[in-house]
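See below for the structure under consideration.
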Amino acid sequence: MASKAGHVIKCRAAVAWEAGKPLVIEEVEVAPPQAMEVRLKILFTSLCHTDVYFWEAKGQTPVFPRIFGHEAGGIVESIGEGVTDLAPGDHVLPVFTGECKECEHCKSEESNMCSLLRINTERGVMINDGESRFSINGKPVYHFLGTSTFSEYTVVHSGCVAKINPEAPLDKVCVLSCGISTGLGATLNVAKPPKGSTVAVFGLGAVGLAAAEGARIAGASRIIGVDVNPKRFDEAKKFGVNEFVNPKDYDRPVQEVLAEMTGGGVDRSIECTGNISAMISAFECVHDGWGVAVLVGVPNKDAVFQTHPLKLLNERNLKGTFFGNYKPRSDLPSVVEKYMNKELELEKFITHEVPFSEINKAFDYMLQGEGLRCIIRMDA
């Protein structure tokens with residue numbers, strides 16, 4: 001595979017030419033990696049709601065033509081100058097955020113928000129030289145989240161690549177490079193529910209179910225799923241959710257319902273919808289004295305969080321989290337090991353699989369609300 005090192009590679013990529021239009025499988029040219037970059041051969045990728053949001057170009061500056069995709073597993077094909085901790089043949093997960101290991105955030109044990117490689121949704125080029133590594137007929141095709149995994153080959157900053165156990169099946173662990181780790185880490189790393197505690201999870205999509213999976217792993221005794229779509233309740237049982245609340249079934253705030261159900265409030269809550277009223281409910285439903293609410297969902301840019309200061313003064317804790325507080329390079333390999341040790345179950349998140357040539361089906365499934373994660377096989 002290393003024989004193409006230093007040369008342009010021609011391969012297939014699913015290109016978004018304009019907002020909301022089906023992706024088109026095109027032959028693209030992928031330039032060699034520059035300093036501190038690696039070129040990856042993507043074997044499996046999956047579709048995340050973030051891809052769909054920016055493909056629809058709702059509420060942000062559109063950047064097209066573009067290659068989307070940021071949940072994936074692959075193998076290092078070649079490395080650029082200065083890369084010392086990765087080598088051709090390594091099995092890796094590319095990640096939408098990074099870890100330079102040199103900035104104040106990376107040196108902090110508490111933060112994973114790297115100053116150099118933090119997520120940037122609008123940048124469509126590499127930070128090294130402000131150029132794209134993708135082109136068609138000499139014209140640039142732009143990157144997405146620094147990953148662009150809807151391509152058989154992609155170029156990524158080495159700080160956004162987690163080297164993992166080569167025995168781990170990439171068609172399963174690829175889902176750990178975004179949503180599943182976000183929800184799992186929100187519970188295990190940020191909420192930290194004690195064994196036997198009561199946890200409420202707001203929103204039972206893939207991220208919320210990963211948060212519930214974290215509560216199951218932590219040994220929570222009651223895991224209460226809160227969602228306005230009752231069709232999600234059966235699926236959620238597989239992830240340890242054992243009680244369900246639909247806010248639409250009540251004529252009072254759901255936080256009051258949860259407080260009544262739990263004798264004063266839940267011990268921990270994790271909000272995974274981005275809906276501002278759900279965020280407020282998730283905070284106000286935790287028990288005074290020790291309750292912790294963790295916000296995961298991304299709200300509308302104009303949303304305002306409002307609650308009475310006494311809720312905080314009565315020792316309720318409100319926390320936010322980004323990518324489950326995982327440092328991509330340092331921490332993701334250990335999350336992969338949780339799967340390898342059968343502590344974490346990933347198969348139940350994977351509900352569909354399509355060949356790369358039919359990638360638009362994955363978008364259809366997500367837009368129709370069908371399933372959780374759709375794996376896209378790049379070799380088909």
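The values are calculated or read from the model by the stated rules, or taken from the named source; none is laboratory data. What you see is a predicted model, and the numbers here were worked out from it, not measured in a lab. Cβ coordinates were reconstructed from backbone atoms using ideal geometry, including for glycine residues, and neighbour counts include every protein chain displayed. These area figures cover heavy atoms from the full protein model, side chains too; ligands, DNA and RNA do not enter into them. Shrake-Rupley method; radii C 1.70, N 1.55, O 1.52, S 1.80 Å.
Annotations
- Residues (open to solvent by 70 Å² or more (accessible area, probe 1.4 Å) and within 19 Å of the chain's Cα centre (by Cα)) located in region 326-371: Glu345, Glu347, Glu353, Leu367, Glu370
- Scanning region 224-243 for residues that are in contact with a Pro (Cβ under 9 Å, 6 or more places away or on another chain), crowded, with 21+ Cβ neighbours inside 10 Å and without any contact (Cβ under 8 Å) to a residue 40 or more places away in the chain turns up just one, Asp227.
- Region 26-35, residues that are of a type in the set (A, V, I, L, M, F, W, C) and surrounded by fewer than 19 Cβ atoms within 10 Å (Cβ to Cβ): Ala31, Ala35
Conditions (1) assigned to a loop (DSSP other than H, G, I, E, B); (2) closer than 30 Å to Glu56 by Cβ; (3) in contact with a helix residue (DSSP H, G or I) (Cβ under 8 Å, 6 or more places away or on another chain); (4) among the hydrophobic types (A, V, I, L, M, F, W, C), marked per residue:
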| residue | (1), (2), (3), (4) |
| --- | --- |
| His7 | yes, no, no, no |
| Lys10 | no, yes, no, no |
| Ala13 | no, yes, no, yes |
| Glu18 | yes, yes, no, no |
| Pro22 | yes, yes, yes, no |
| Glu26 | no, yes, no, no |
| Glu29 | no, yes, no, no |
| Pro33 | yes, no, no, no |
| Leu40 | no, yes, no, yes |
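- Check on Ile280, part of a strand (DSSP E or B), on the phi < 0 side of the Ramachandran plot and open to solvent by less than 60 Å² (accessible area, probe 1.4 Å): no
- The set of residues from region 187-233 being touching a Lys or Arg at 6+ places or on another chain (Cβ under 6 Å), in a loop (DSSP other than H, G, I, E, B) and more than 19 Å from Gly263 (Cβ to Cβ) comprises Leu204, Gly219, Val228.
- Condition check for Lys172: touching a residue at least 40 places away in the same chain (Cβ under 8 Å), among the basic types (Lys, Arg), touching a strand residue (DSSP E or B) at 6+ places or on another chain (Cβ under 9 Å) and over 27 Å from Gly6 (Cα atoms): yes
- Residue within region 129-152 that is touching a Pro at 6+ places or on another chain (Cβ under 8 Å), surrounded by 18 or more Cβ atoms within 10 Å (Cβ to Cβ), part of a helix (DSSP H, G or I) and not acidic (Asp, Glu) present: no
- Only one entry in Ala303, Ala293 is farther than 16 Å from Val201 by Cβ and either hydrophobic (A, V, I, L, M, F, W, C) or assigned to a strand (DSSP E or B) (or both), namely Ala303.
- Filtered by the rule that a residue be on the phi > 0 side of the Ramachandran plot and touching a residue at least 60 places away in the same chain (Cβ under 8 Å), region 31-61 gives Met36, Gly59.
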